[in-house]
Structure formats: structure tokens, C-alpha cells
Amino acid sequence: MEYAWRDTARGRLVAVTGSAGVGKTRLCEEASDRARAAGLRVVWGRCWSDGAPALWPWQPLLAELCGAPTAGLLSSEAESVDPERFSRFQAVTDQLARVVTDRPTMLVIDDLHAADPAAQLLTRFVAKARLPLAMVVTHRQALDLSDEALPIMLRPFDADETRDYLVTNGVERLEAPLTDTIHRLTDGSPLFLRRLIALGAADFAGGLREAIDQSFAQLTPETAQLLATSAILGDSVSSAEAAALLGVRAAQVIDTAENAVQAGLVTTGGPDSFEYSHDLVRRAALSRLTAAELLDAHARAVDIVSHSARKAHHAINAAPRSPADARRAVRVCRSAAATMVRRFSYEQAAALLAQASGFGEPSAELLLEWADAVLASGRLAEARVLYDRAADAARDERDPVLYARTALGLGGIWLNERRDQLERHRMLGAQRKALAELPAHEATLRCRLELRLAAELVYSGGPVAEVVKAVDEIRELNDDRALAEALSLCHHALLTPEHVHERLAIAQELMSVAAAAGIDILALQGLCWQTVDLYHLGDPRAERSLAELKTRVDLLDVHSVRFIVAALDVMRLFREGRLAEAEEAAGRCLALGNEVGDADAVAYYGAHLLAIRWVQGRAGELLDVAEQMANSPTLIEAEFTFRATVAHLAADTGRHDQARSVLSRLTAPGLDALPQSSTWLSGMLAIVEAAASLGDASIARQAYDLLLPFAELPTMPSLGVVCFGSTERTLGIAAATFGEMDLAEAHLRRAVAANLRLGNRPMTAMSKADLATVLRRRGEHQAAEELLDSAVREATAMGMRQRAAAWAAGRAARHVAMRRRENRWLIGFPGREVLVDDLIGMRHLARLLAHPNESISAVELAHGGVAPASEQSILDDQARAAYTARAHEIAEEIPRAEPARAEQLRRELDALAAELDATTGLGGRGRAFTGPAERARTSVRKAIKRAVDVIRAVDPAVAAVLDSTISTGYQCVYTPDR
């Protein structure tokens, strides 16, 4: 501790921890004496456990150090700074910094565990500011104040130390059993050992309680009564308050207290007050009062003490005395809670109102105030329940204004919080009813309700323009609180890619307006929205904004926004390629989300796991999970991303029939009919991945045209909780699927560069592998191999072992085998074979695959090496007749076939039709070659292309290998090793 106060210029925090009576206060008193002797200014603040004012003991500390104006900054009435809690705390810290710079200072806060949550937050705020002072706090349990706190952990004496202490203080010749008894009774507490020593060795075996009783027995009845009754006032007692409580003069209290000082039960805090020597002594004094005396004393204290929190404490304790006392307790608690809210102590206000609600049936107004305080603390699920109760009570009370206020609260701080459809319709119904019944003169409430309804309906396909219009109307009201709420809801309603640029301006305005209105949670939301918007824009300033958001969340302890920060941290770990850490962090994020009651907790966890498993090459493990989420009754109808993900994962794992079915239902109205949402880019990515796996060029082309305006954006669903890399990659995959390789290459090269800028290592590797595939199809094999080697190395380093193995296998598995199975062909490579129908092109492929690296002329493939006569038909009349007859047979069989068989027949019919079309000229006559070599080149090229397209429809991976290893022309060759 001396080390801390001798180095105040660097700013030191000392945290003294230990159980009651272990000597924390005594240690700090000794350190304070030495610090004063060394020339330091020492200021103490003691926390109260019962009825302390909000933010106590910071008001007297600041008044002594900086003056009354600085202490007044903790009241919402101060107009020199924005009324939000962060701004107030920052202003206080700035004033402290100015004062402590002039003179070395040691600040001691005793019993911090007894302080209210807001006071603890301010203590942590000041501690993390690293002011040039020595700050010492004592508390019974470890508190998260600062990572750089110097810990001093005091523990009780063990049995040997207890014996040594007794001997040191003149108690000798004690047998071991008696020493053990003393240690057990005192629990090794130095305080109680001192008390026992003062009583004498003969009293040791009587036990601790008897020792305290003996101390009280030495007092006069007047002194005992003074200590017992005054104990309800707390650890530190004002002589004036004690006198009023007992109905005597203050001078008489001072004289009487002197007897207690001599008995060691209290100490004087100056001529006007005294303090109990320890909380356990005070509690022993309280136990001397009867239940009736205790109730009467608390009832009198309500009118004696001045601070609203202390009044509430005594009123609550007096409430059981009579119905009138209970009603008074409710009034006093509501008044005190309002003061606490003005002083940013939302948690303490919520706790106080919870107590007040226990005195009879709570009114709608009390329930609403309680819900507002809980929401301001960031506890969403708890607030939703309370708003429901408040709305029911307001309806029963037939108060339309109060009902409107509670109906607004039903929606929470986000949009679409009510995911259960029955709950959502109930909420919307309540808000419509409130709007219909609202008196005409309540303009602000009316505008707020209209905006909330318009914003909620965006999630059911409603127009965004109505939300923007409602915000403009609220601007005209000149009500900062209403405008801050409106801006936050409007921002949420605009959470789609097309609005990303305008959202950033809204977020920044929200921060300014909410800070001016003193709405902490909305000011924090504004910063949260700004951070999310910057990530959605791929703006490097997002990291700085997130750092500021973390600081504010940490200092203000708003759990609802802390959950969003946790989700963003998972995304950042993912982008850094730290996938195992990301998965662990996702589990912690889920736990926090469930604790807060965020409606997206499970969906975010699912998104985190899907992203991690996907880049690892293990997404198929989560296909069942994706199906469950896609079919969840809590999913809004417009949300298609999980259904698209099912199609993607099914196609990726070879379940092509399932993938086609899901994709067909999803895209039947056209991709442009799918509504934009916060997950639209991710949903389109899943659709493109599925289309690529299935070789569906039409869907790929539609998706490409819709995605092109957003090429520069990263694909990040919702509040940026996952980053699938640059949208350029999705465009490149789409272009490759509909066959425009120049376009695909350009997009994928930009995707690699963009993902490098984003710091997204997994998606950089994925983009390199995709680009390698395109380059290979274009014949640029060396460049493709270099890219794929790089992707494999990076994936392996990030733990993407299965993905790396698949890429490596794709690089090695270029030796395709082909063999007949009855009247069909089995084609592929080890571990990946597909069964396809017989076509002329299949026979050409079989010949080439059987002779790797050997050039075979197109003439030989077409005619077995025998040069045909000129004007020879590609198909003779007998073959054309057989093809036509088979086509008629298939057409008749399709209507009667099972779905799987029907699909197979359709593919065969398409192949026959293509063959007949290619070999039939004008007037239905057979088409003839213009020359043997040219005719053979054209025929073989078309036949092989049709065969590869049939293979592609069944397994694009096998077709991709054939694309890059089969060359056609006058000479055809299969080169698996190039």
C-alpha cells in the first residue's frame, strides 16, 4: 500500500479483500496515518448497506476534494454536461483529475461491497481512468475494478496464528482444546479476538455471543437503549437523528454515547456522531429490540432522515406495521426510485420498486416505473414480463394514457423482440388499441405509438417510408426523448444493405440526441449502431468504434449491449482465423444472451456455429440444426436465410434432391420477390452456393444481377455477428456457375483483395480456392495450383483441416475413372462416383479417360478411325429412328413414374432431344458434315460438352475436374496431371 501512495503520479489502485472483522479498515487506517505523515491529502468515504443515497459515498468525497459543484454533477439537475450517465461520470473524473494533479492524494473507499451498483460503476470508472492518485478500496468479495489493481487479500488467523496472537497479547498457559475452541468461535477474526482479550481469559469459553452480551450488560439502560434504537440508522449515527428518534436532546445522546465508547462498542466520529465498532456489534444491538419496537423505530425514522433512499429503507421496514404504513412505503419508494433514476442508479431503483410492489397489488404506474428501471439496466427479458403486467393493470384501471405508455414498453428497445407469433400479435394489438383510445391532446404519445407500429410492421413486409415519415413528425415535437427513441427504431427498420450509408448518419444523430436527453441506454445503442454500420461498410474505423463501445459497456454495465459486443467479438475471432477460440466465445455469448433475454441469442449462436463449421468443411454436421431453425415458429415469414442455408448444406453434402426441392420452393416467385432484411446478403450467398453445387445457371444469373449493386460490401448478417467475407466472392461464384469465366475471375480476384483488407483469413483462403477453380477451368493450371497451395497452407494453419484436405484431394484427385454398369456409366474418383445415363459423349469420355495423356483424333473418336465419306450423315436413319422411338417411350412413361425416376427420365429425354437437334437439319433431314475432320471436331466437342453437363447436374465437383483436364479439338486429350 505504501508503494501505491509513494507513486501517485502513475495512478495506483489497491484492492483490499477479506471477510468481516479481518482487519481491512484497520489496515487502511494505519496506511492513511502514514500517508498523511508523508504529506498526502487523505480522503475517506464509507459505504452503507442500509438506505444509502444513490451513488454514496461519492457525493461527500467529491464535495471534500473538488467542491459542491462537482458533487452536483451526479444529479440530473446539473445543466453543464449532458445528462446521460457516461457523460456525468466522465465530467466527475475530469474534475478529479484537475484537483489531484495539484497535490498527492490518497482516496479510501471502505466497504465497497455495501455500495449500490451505480456507485460501484463510478468507482470502476474512476479506477480505469488511471488518475494520478492512490485509490484504496476495501470489500469482502473480489470486484472487477481494473486489471491493474494491486490486490491485498487478508484472511483470518489459522489455529496456530490465533494461539500466537493470544500469547503476544498476554494470554498464556492456554491448553490446546481451549485455544481451538477460541479459534472456532472467533473464526480467527482479529476484531473478535481483541474483544475476547478485553473481557479476560475467564470469559473465553462463553463464546462470542456471550462476549457481546457481556459488553452490553456493562452499559446503563439508557446507553443500551440508545445503541439498540440508533442501530436502525446504520453503522454511522448522527447524534441529531438519534436524539429525534429517541425524543431526547442531542447533548444527552452525546453524553450517553460516551459510555458505549468506553465499553469499546462504538467509536466517536466527532462531536456530532458515533459509529458502531463493527456491523456485527450493530446487529447485536438491533436484536435487543422487540418486533414492535423495531417497527415503531423505523416508522419514526421515515420522518427524521433526509435522504430519499434512507426514507425508503425505513418505510419498507415499517410497512408490516399497518396498511397505512404499507401505502406510505409505496409512495416513499417511488419517490426515492425517481431520484435514483435521475442520478443514474437504475439498478438500485429497480430493486427498490421491486420491494414496493410487494405491498399489496401494485398499480400500473408502479409496474411501469419498475419496468422502465429494469429496461434501463439492460435486462430485456425481465422488462418484457413487467411491461406485460403493467399493460394488464393499466387496462384494468381504464387509464388510456398509462395504457399507451405501457403498450410502448411492450416492444422493448429493439424491433421484433416478440418472436412467438401469438405474443407478437398480442403486442401489436395492444399498441393499436392504445393508439385508438388515446386522447387527442396526447400528441407525443400518439406519434411514438405510430412510429413503433410502423417500424414493427417493416418486419412483416411493411413500407420503410412510413417509418421515415413518422420520424419527421416526431422531429416537429422538439422532444429529445421521443426523437432518440424514434431514431433507434428507425435505424433498426433500415437494417438492410440498401440503407447502409444512411443508417450511419442516423446512428450518429441518435448518439447526440440521446446524450442530450440523458437516455443512457439509447446513447449506448447509438454507439452500438454506429459500430455495426461501420462493420457493414467494411470501414476500418469499426475497430475504434468497438473499442469505445466496449469501454462504455464495461463502465456502465448494460447487459443488453454487452451481449452484442460479445457477438461481435466472436465474429472478430472468426475473421482472425482463431476458430476454436471463436467457438468457445460463441458458447459464452449464448449464455449471456439467454441471461439478458435477447430474442436472437439462439439464432446468433446458430449463425456462429454454422460459419465456423462451414469454413472448416464440416457444415453438413449442422444440416439438421439448420432445418430446425428454418422451421422455427418464431421465425418471421419474410426471413429466408435459414431455408437457403438448408439448400446450401444439402447440396454441399450430396443431398441434391433435397437441395433442389428447397431451392425450388424458395425461388419459385423469383429471387427479386425475396424481401430484403438484415440477413439478405447472407441468404443470397447461401442461394448462390446451392445453385453452384447444383449447376443451376438461371438462379445464379438472377442472384448475380441482384447482388451486383452491393459488391463492395462485406456479407454480414444482422448486427454484424458473422462475416462471410466480401460479396465479390458470391458474385464470382455466381458468374462461374453461369459460365462467364472472365467475369468470375475478376470478381474473385477482388474478393481475395477485399478479404485481405477485412482481415478475414478464412474467407481469404476460401476465395483463393474458388479463384483456383476458375483459373483451372480456363486452363491456367500453374497459377491455379499456386493459389490452391496457398489456400491449403492457410486453412491448415487455422485448423480448417477438412476443408484443407478436400482442397488437397481435389488437387490430387484428377485421375477420373469410368466404367459401364449395365446400360449406364459410373464415373468419378475414389470416394466420389456418380451414375449417369449412356450418351455418345460418355463413350468419347470413356475412351479418353482410358488413355490419359494420349492424343486421340476427333475422327477416330467419332468413327473408330475409319474416314467417313463426304456428305455422310452424323446419324444414319436407323439410329435416328431408334432415338426418336426411345424419346416417345420416355414421354409416355414420365407421367406414371415416381418422382425420382421421373427426374431421371427427364434428363435422358433432354439428352436425346439435344442429340436429335444437333444431328437434324432443315426439313427434318439428317445434317451432314462439311468435311471429315471438321465434322468430327464439332460432333465430338458437342457430344463431350453435353456429357459433362449431364455429369455436372449430378455432381459439379466431378464435372469441374473434367472441365480442367479434357481438351477437345481436331485432337482430343485427357491430361490429369497438368
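The values are calculated or read from the model by the stated rules, or taken from the named source; none is laboratory data. All figures in this text were calculated on a predicted structure; none of them were measured in a lab. Heads up, the Cβs are rebuilt from the backbone with ideal geometry, glycines too, and the neighbour counts pull from every protein chain shown. We work out accessible area using only protein heavy atoms, side chains counted, and drop any ligands, DNA or RNA first. Shrake-Rupley method; radii C 1.70, N 1.55, O 1.52, S 1.80 Å.
Could you give the dipole magnitude of region 257-358 about its Cα centre, charging the beta-carbon of Lys and Arg +1 and that of Asp and Glu -1, in debye to the nearest 20? In debye, rounded to 20, region 257-358 gives about 500. Estimated at the nearest 10 Å², the accessible area of ARG334 is 70 Å² with a 1.4 Å probe. For the pair ALA292 and SER236, a Förster radius of 30 Å applied to the C-beta separation gives a FRET efficiency near 0.70, rounded to the nearest 0.05. Full extension of the chain between GLU161 and ARG824 gives 229.7 nm of extra length, using 0.36 nm per residue less the Cα-Cα distance. Backbone geometry of region 946-959 corresponds, through the Karplus equation with coefficients 6.51, -1.76 and 1.60 at θ = phi - 60°, to 3J(HN,Hα) couplings of 4, 5, 5, 5, 5, 5, 4, 5, 9, 8, x, 5, 5, 4 Hz, x marking Gly and Pro.
About its Cα centre, the dipole of region 321-381 is roughly 240 debye, where the only charges are +1 on Lys and Arg Cβ and -1 on Asp and Glu Cβ. Can you list, largest first and rounded to whole Å, the semi-axes you get for the chain by taking the square root of 5 times each eigenvalue of its Cα gyration tensor? Largest first, the chain gives 77, 33, 24 Å. For region 555-604, the pair-distance distribution built from all alpha carbon pairs, in bins 5 Å wide starting at 0, is 5, 25, 31, 21, 13, 6, 0 percent. One chain, two ends: GLU509 and HIS441. Fully extended at 0.36 nm per residue, the span grows by 21.7 nm beyond their Cα-Cα distance. Here the label points at GLN878 and GLU785, each 7 Å from Cα along the C-beta direction, are separated by 4.8 nm in the simple model.
Angle check, please: helix 250-262 long axis (alpha carbons) against the longest principal axis of the chain (alpha carbons), in degrees 0 to 90, nearest 10. Between helix and principal axis, roughly 80 degrees. Between the Cα long axis of helix 308-318 and the first principal axis of the chain there is an angle of about 80°, rounded to the nearest 10. In this structure THR444 has an accessible area near 50 Å², from a 1.4 Å probe over the protein heavy atoms.
Considering only GLN971, LEU226, GLY72, the residue lying farthest towards the positive end of the dipole of the chain is GLN971, judged by Cα position with unit charges set on Cβ.
Expressed as a fraction of 2.2 N^0.38 Å, the C-alpha radius of gyration for region 266-314 is 1.29. Against the longest alpha carbon principal axis of the chain, how many degrees, from 0 to 90 and to the nearest 10, is the axis of helix 579-596 turned? Between helix and principal axis, roughly 50 degrees. The value of relative contact order for region 452-579, using C-alpha pairs under 8 Å at least six residues apart, is 16 percent.
Using R0 = 51 Å, the C-beta based FRET efficiency linking ALA20 and LYS469 works out to 0.25. Summing +1 for each Lys or Arg and -1 for each Asp or Glu among the other residues whose beta-carbon sits under 13 angstrom from that of ARG937 gives +2.
Ligands, DNA and RNA aside, THR730 has an accessible area near 0 Å² when probed at 1.4 Å. Annotation for VAL261 and LEU835: the two label points, set 7 Å from Cα along the Cα-Cβ direction, are 10.2 nm apart. Select from LEU386, ALA20, GLN214 the residue farthest towards the positive end of the dipole of the chain; place +1 on Cβ of Lys and Arg, -1 on Cβ of Asp and Glu, and compute about the Cα centre. It is LEU386.
Within region 221-318, the ratio Rg/Rh, alpha carbon atoms throughout and Rh by Kirkwood, equals 0.93. Taking 0.36 nm per residue of sequence separation and removing the Cα-Cα distance, the GLN214/GLN971 pair yields an extension gain of 261.2 nm.
Computed over the alpha-carbon atoms, region 307-360 gives an Rg to Rh ratio of 0.96, Rh here being the Kirkwood radius from the mean inverse distance. Accessible surface calculations at 1.4 Å, restricted to protein heavy atoms, place region 380-484 at 46 Å² per residue.
Dipole orientation for region 572-681: of the candidates VAL602, CYS589, LEU663, LEU663 has the Cα lying most toward the positive pole (charges on Cβ; Lys, Arg +1; Asp, Glu -1). Taking the square roots of 5 times each eigenvalue of the Cα gyration tensor of region 595-699, largest first, gives ellipsoid semi-axes of 22, 17, 11 Å. Among PHE216, PHE738, the order of accessible area from largest down is PHE738, PHE216, computed with a 1.4 Å probe on protein heavy atoms. With the simple spin-label model, which puts each label point 7 Å out from Cα in the Cβ direction, the LEU708 to ARG98 separation comes to 6.0 nm.
Spread over its residues, the convex hull of the C-alpha atoms of region 346-391 is 53 Å³ per residue. If I take R0 = 25 Å and measure r between the Cβ atoms of SER460 and VAL385 in this structure, what FRET efficiency does the formula 1/(1 + (r/R0)^6) give, to the nearest 0.05? After rounding, the FRET efficiency stands at 0.55. Rolling a 1.4 angstrom probe over the chain with all protein chains present gives an accessible area of which 51% lies on carbon and sulfur atoms. Using C-alpha pairs under 8 Å with a sequence gap of at least 6, the mean separation divided by the residue count of the chain gives a relative contact order of 7 percent. Each 10 Å bin from zero holds the following percent of Cα-Cα pairs in region 293-410: 16, 42, 31, 11, 0.
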